[in-house]
Amino acid sequence: MPGQDIGPTVTELLAELLSLDDPKFRQVNAKHGDDHGVNLSALRAIARRLKTQHELARALWATEDTAARLLALLICRPKLYERDELDSMIRDARTPKVHDWLVNYAVKKNPHSEELRLLWIDDPDAAVASAGWALTTNRVAKRPDGLDLSSLLDVIESDMKDAPDRLQWAMNHCLAQIGIEHADLRARALDIGERLRVLEDYPTPPNCTSPFAPTWINEMVSRRS
């Protein structure tokens, strides 16, 4: 229709994101494996302006630009993604922030999340497997019925110590969540954490909880009681 506002194009949005790229943010992000320099508050402001636009989100994802992909995940409609589409996206999401946002903002809200959890958790690609563990941790906290928690602890006990960093982090989170949420398995979770000592020396800012599982479990249980 004449005069209708069709909104910014992908090219225009890429130019806007480039104008917001700050070398200082890029330097900080690079320490965590991310390759963009856009302040996340500015990114969220653009998303609020755009509102939900799923096809635009797909087009932004296709650019392979990290900031554009983060923006895509803020304006997408998670339930519209097909299972195989999300599987392809997780295998292509090679930076930590894109990977984490894809799991938390899209996959967890998608009707295929359980199928993908089962597909990914034993994947030979450690980054993909970490997404399966992240979805499992979410189920441990929210919908544990049907999960074999003892078997999950068996796998964590045997594999977490030598797992690649991202997968190790995800398995450790699952260990802590089992210990926090399930009192009958808490002693075993604490024992596994104490013996494996994973993330024991992870630098933790003041007023933040250490990711070392025994500390994490005890702190969260204490808060709840």
Here region 35-41 yields Karplus 3J(HN,Hα) values (6.51, -1.76, 1.60; θ = phi - 60°; whole Hz; Gly and Pro given as x) of 10, 9, x, 8, 4, 5, 5
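Viscosity 1.002 mPa s, temperature 20 °C: give me the Stokes-Einstein translational D for region 1-147 in µm²/s, with Rh taken as the Kirkwood radius over C-alpha pairs. List each step's numbers first, then the result.
Numbers: Rh = 16.2 Å.
Translational diffusion coefficient: 132 µm²/s.
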With x for Gly and Pro, the residue-by-residue ³J(HN,Hα) of region 75-92, computed from phi through the Karplus equation 6.51 cos²θ - 1.76 cosθ + 1.60 at θ = phi - 60° and given in whole Hz, is 10, 6, 10, x, 5, 8, 6, 7, 4, 5, 5, 5, 4, 5, 5, 5, 6, 9
Placing each pseudo-label 7 Å from Cα in the direction of the beta carbon, residue 186 and residue 200 end up separated by a distance in nanometres of 2.3 nm
Once both label points are put 7 Å beyond Cα along the C-beta direction, the residue 218-residue 165 separation in nm becomes 2.8 nm
Longest principal axis of the chain (C-alpha) makes with the long axis of helix 126-142 (C-alpha) an angle, in degrees to the nearest 10, of 70 degrees
Plugging the Cβ-Cβ distance of residue 49 and residue 83 into 1/(1 + (r/R0)^6) at R0 = 30 Å yields, to the nearest 0.05, a FRET efficiency of 0.45
So the angle from the long Cα axis of helix 10-20 to the longest Cα principal axis of the chain, reported in degrees to the nearest 10, equals 70 degrees
Taking protein heavy atoms only, a 1.4 Å probe, and rounding to whole percent, the accessible area of region 139-191 owed to carbon and sulfur comes out at 48 percent
In Å², rounded to a whole number, the accessible area per residue of region 1-107 with probe 1.4 Å is 56 Å²
In whole angstrom, the spacing between the Cα centers of region 25-42 and region 166-225 equals 28 Å
Relative contact order as a percentage, region 1-83, C-alpha pairs under 8 Å and 6+ apart, gives 25 percent
In deg cm²/dmol, rounded to the nearest 500, the helical mean residue ellipticity at 222 nm of the chain, built from -39500 (n - 2.57) for every DSSP H run of length 4 or more, is -19000 deg cm²/dmol
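The values are calculated or read from the model by the stated rules, or taken from the named source; none is laboratory data. Since this is a predicted model, take the numbers as computed values, not measurements. Neighbour counts are summed over all protein chains in view; Cβ atoms, including those assigned to glycine, are modelled from backbone coordinates with ideal geometry. Please note that ligands, DNA and RNA were not included when accessible areas were found on the heavy atoms of the full protein model with its side chains. Shrake-Rupley method; radii C 1.70, N 1.55, O 1.52, S 1.80 Å.
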